[in-house]
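The values are calculated or read from the model by the stated rules, or taken from the named source; none is laboratory data. Please read these numbers as outputs of a predicted model, since none were measured by experiment. Methodologically, a virtual Cβ is constructed for each residue, glycine included, from the backbone with ideal geometry; neighbour enumeration extends over all protein chains shown.
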Amino acid sequence: MTLPRPFALLLCTLPLLAGETPRPTFSWDRVPVYQMFGSNTRLLTDEEVEHISDTTDFLCIEKQHGARLLRGSDRGAAHEFARFKRNNPDATCLFYFNSAFAYPFASGSRSLRKGNVPPHLERFLIRDPKTGELADRGNVLYFDVLNPGLRKWWSSEVGRYIRETGADGLFVDQMHGFSHLRPREKRPDVRTAQAEMMRMAKEAIGPDKILLLNNGAHIPELFAIGDAFMFEHYSTDLLTKEAILRDWNLMRRIADAGKSSVWRIGVEVGHKEDGKKLTDSEYQQLARQRLPYYLAAFLAGACEYSYFQYGWGWGLETGPLMDYPEMKKPLGKPLGERRRPDPHSWVFLREFEHASVRVDLEKKEGSVTWK
C-alpha cells in the first residue's frame, strides 16, 4: 500500500531507528527529481527558489555558490538552505565538498590557492614528483588522501560545514584520490585511504545526515559507507547500452540495501561540435529533444529512492530553471519491473500507474506515454 504523500513525508521526518540509513523524502506521485546547482556571481532570486522547490524536495548547492559574495560557499549554502526550508520544510538540502580537488571556495579553504597556501595546509597537498611543485589543474590544487592529517582535517571540516549550514547531508565529489598519479604499488593504499576518509566523514556529519558519494557505488568499500550514490555520466562510454543496463542493476542493489541513488544525465556529453560547447539556447533545445529517451531510460531502471537529474552542467542556467512539463505529470508507482520481450533486442518496457515506458538502448530512443 502506498501512503498518501503527507503521511509519507511525515514518516521521513521521524527519528531514525538504530542502524537505519537516512534518506530524503520520496514519492512516485511524479518523476522523482534531484537538483544540483550554483552560481559564482549571484544568489538565487525568490522566483528561482520557488521554481526549484516546485521541481524537487532533494537538492544540493554547488561548490562555488556564495563564495565570492559571502566569502565562503558554506555561507552561500547556509543562506540558500534557509530559504528553501522556509519554502518547503521537507526539503533535503546537501552541502558540496570535493575529496580530491582542493577548491578554495569554502570559508576554511580560501587559502588553498597556488602560491598562497599556509604551511599547515600545504602538507595536505600532492606535489608533482618531477618538479617538486604543488600539482594542479588550472591552478586548482590536489588533496593527498594518503596523508592521515589530511583525512582528519578534511572530515573535521565537512562535519563543521554540515553543522553550520544546517544541511541535511553532504555530497562528496571525486572518489579517485588521484590514484592515477601514484606508483602502481600505492594504488590499493589510495583506495583504502579514500574509504577511511569517507568513513570519518560519515562519523563527523552524524548518523542522521545523508552521505552522497559521486560514482562510488561500484566500489565495495564505499558502497558499505555511503547512504546515497550518484551516477554521473561524464563520457559517452558511460552511456552505452551495456553501461545503462549495469546502472539499472546497480540501482536495484542500492535500493535493496535501503540506500538512495541519483541518475544524472548531462546532455552535453557527446554533443559538442569541434570541441566547442553549444550555446545555452542550443542546449535547451537539445535537452528538450533528448528528454523522452533519457527519461524513459531512467524510469525503466528507477527504484524507490531513485532520483533523476537532468541538464547540461552544474550552474543555475544549465537546466534547473527549465520547465519540463513531463516531470510534473502524474506518474504513480511502478506496476512491476521492466520487461525485455525479446532477449536479443535492447528494447525494454515498463508500466507505471499513470504511464507506459518504452526504451530502445541500441537506437537511443524512448518514450513515456501518459495514461
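Looking at ASP208, ASP173, which one is modelled with pLDDT of 95 or more, of a type in the set (D, E, K, R) and in contact with a strand residue (DSSP E or B) (Cβ under 6 Å, 6 or more places away or on another chain)?
Values: ASP208 fails: in contact with a strand residue (DSSP E or B) (Cβ under 6 Å, 6 or more places away or on another chain).
Result: ASP173 is the single residue among ASP208, ASP173 that is modelled with pLDDT of 95 or more, of a type in the set (D, E, K, R) and in contact with a strand residue (DSSP E or B) (Cβ under 6 Å, 6 or more places away or on another chain).
Just a yes or no: is a residue in the stretch 209-218 surrounded by fewer than 19 Cβ atoms within 10 Å (Cβ to Cβ) and outside any helix (DSSP H, G or I)? If you could, list the steps in order and put the result at the bottom.
Keep residues of the stretch 209-218 that are surrounded by fewer than 19 Cβ atoms within 10 Å (Cβ to Cβ), which gives 218.
Then drop every residue that is not outside any helix (DSSP H, G or I), which leaves 218.
Yes, the stretch 209-218 contains at least one residue that is surrounded by fewer than 19 Cβ atoms within 10 Å (Cβ to Cβ) and outside any helix (DSSP H, G or I).
Keeping to the stretch 206-220, report how many residues are over 18 Å from ILE265 (Cβ atoms) and of a type in the set (A, V, I, L, M).
4
What are the pairs, 6+ residues apart or on separate chains, where a residue within the stretch 222-243 that is over 16 Å from SER99 (Cβ atoms) and in contact (Cβ under 8 Å) with a residue 40 or more places away in the chain has its Cβ under 8 Å from a residue that is assigned to a loop (DSSP other than H, G, I, E, B) and of a type in the set (Asp, Glu)?
LYS241/GLU362
Looking only at the stretch 48-65, filter to residues that are among the hydrophobic types (A, V, I, L, M, F, W, C) and free of Cβ contacts under 8 Å to residues at least 60 places away in the same chain; which one of those is surrounded by the fewest Cβ atoms within 10 Å (Cβ to Cβ)? Lay out the reasoning, then the answer.
Step one: filter the stretch 48-65 for residues among the hydrophobic types (A, V, I, L, M, F, W, C), giving 49, 52, 58-61.
Adding the requirement that they be free of Cβ contacts under 8 Å to residues at least 60 places away in the same chain leaves 49, 59, 61.
Numbers: VAL49: 17, LEU59: 26, ILE61: 29.
Across the stretch 48-65, the extreme among qualifying residues is VAL49.
Can you go through THR131, THR192 and tell me which one is surrounded by fewer than 21 Cβ atoms within 10 Å (Cβ to Cβ), over 21 Å from ILE265 (Cα atoms) and modelled with pLDDT of 95 or more? Full working, then the answer.
Working: THR131 fails: modelled with pLDDT of 95 or more.
Unique residue meeting the criteria: THR192.
Sort out which residues of the stretch 78-96 are touching an Asp or Glu at 6+ places or on another chain (Cβ under 9 Å) and either among the basic types (Lys, Arg) or within 21 Å of GLN309 (Cβ to Cβ) (or both), and write them in order of number.
Within the stretch 78-96, the subset touching an Asp or Glu at 6+ places or on another chain (Cβ under 9 Å) is 78, 81, 83, 87-88, 90-96.
PHE81, ARG83, ASN87, ASN88, ASP90, ALA91, THR92, CYS93, LEU94, PHE95, TYR96, listed by residue number.
Residue by residue through the stretch 167-185, note down the ones that are closer than 29 Å to PHE58 by Cα and in contact with a helix residue (DSSP H, G or I) (Cβ under 9 Å, 6 or more places away or on another chain). Walk me through how you get there before you give the answer.
Our first condition is that a residue be closer than 29 Å to PHE58 by Cα; within the stretch 167-185, this holds for 167-177.
Those that are closer than 29 Å to PHE58 by Cα and in contact with a helix residue (DSSP H, G or I) (Cβ under 9 Å, 6 or more places away or on another chain): ALA167, ASP168, GLY169, LEU170, VAL172, MET175, HIS176, GLY177.
Return the total of residues in the stretch 82-119 being under 21 Å from ASP136 (Cβ atoms) and hydrophobic (A, V, I, L, M, F, W, C). Walk me through how you get there before you give the answer.
Pass one, the stretch 82-119, residues under 21 Å from ASP136 (Cβ atoms): 96-106, 108-119.
Narrowing the set further to residues that are hydrophobic (A, V, I, L, M, F, W, C) leaves 97, 100-102, 105-106, 112, 117.
Count: 8.
Restricting attention to strands (runs of 3 or more DSSP E) lying wholly within the stretch 69-177, give those where 1 or more residues are free of Cβ contacts under 8 Å to residues at least 40 places away in the same chain and among the β-branched types (Val, Ile, Thr).
Working: elements: 92-98, 140-142, 169-173.
Output list reads 140-142.
Kindly evaluate TYR307 against the criterion of being assigned to a helix (DSSP H, G or I), in contact with a Phe, Trp or Tyr (Cβ under 9 Å, 6 or more places away or on another chain) and among the hydroxyl-bearing types (Ser, Thr, Tyr).
Here the answer is no, as TYR307 does not meet what is asked.
Step by step: first the residues of the stretch 85-96, then only those that are more than 18 Å from the chain's Cα centre (by Cα) and not charged (D, E, K, R), then the one that is surrounded by the fewest Cβ atoms within 10 Å (Cβ to Cβ). Which residue is that?
Within the stretch 85-96, the first condition is being more than 18 Å from the chain's Cα centre (by Cα), and the residues that meet it are 85-90.
Still in the running and not charged (D, E, K, R): 87-89.
Values: ASN87: 14, ASN88: 20, PRO89: 9.
So, considering only residues that are more than 18 Å from the chain's Cα centre (by Cα) and not charged (D, E, K, R), the one surrounded by the fewest Cβ atoms within 10 Å (Cβ to Cβ) is PRO89.
So, in the stretch 270-303, of the ones that are part of a loop (DSSP other than H, G, I, E, B) and surrounded by 15 or more Cβ atoms within 10 Å (Cβ to Cβ), which residue ends up farthest from the chain's Cα centre (by Cα)?
Step one: of the stretch 270-303, the residues part of a loop (DSSP other than H, G, I, E, B) are 270-272, 274-275, 277-279, 302-303.
If we keep only those that are surrounded by 15 or more Cβ atoms within 10 Å (Cβ to Cβ) as well, we get 271, 278, 302-303.
Values: HIS271: 22, LEU278: 23, ALA302: 16, CYS303: 16 Å.
Among them, the one singled out is LEU278.
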